[in-house]
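Notes for the one structure printed next.
Here, each number is a calculation from the coordinates, and none is a lab measurement. Keep in mind it's a predicted model, so treat the numbers as computed, not measured. Heads up, the Cβs are rebuilt from the backbone with ideal geometry, glycines too, and the neighbour counts pull from every protein chain shown.
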Amino acid sequence: MEARIVKLESMTEKILARLEAVERDVAVIRANYATKADLAAVQVSIAALEATMIKWFVGTAIALAGLSVTLAGLAFAAAKLIN
């Protein structure tokens, strides 16, 4: 019976050591959680980037439309001069 108790005590020590390791790992994981403030900052940053991308897209579309109208005008003018 005493050998069994000694074996259980040694197993308990091993289990406690593993539990401490798990607790340390969980503490590290919790320390790296994103807070609500972190998520809000990321959301603001994404919104700003989205606005910038939309501005660039619209500006590029307008510039390309103007360029194509100009090139079409030049092509018609060149065709008129040739004929």
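Observations, loosely collected:
- Of the residues contained in the range 48-60, one or more are found to be among the polar types (S, T, N, Q) and surrounded by 10 or more Cβ atoms within 10 Å (Cβ to Cβ).
- In the range 1-46, the residues that are over 28 Å from the mean Cα position of the chain (by Cα) and among the hydrophobic types (A, V, I, L, M, F, W, C): M1, A3, I5, V6, L8, M11, I15, L16, A17, L19, A21, V22
- Selection status of A77, surrounded by 10 or more Cβ atoms within 10 Å (Cβ to Cβ), of a type outside the set (S, T, N, Q) and at negative phi: yes
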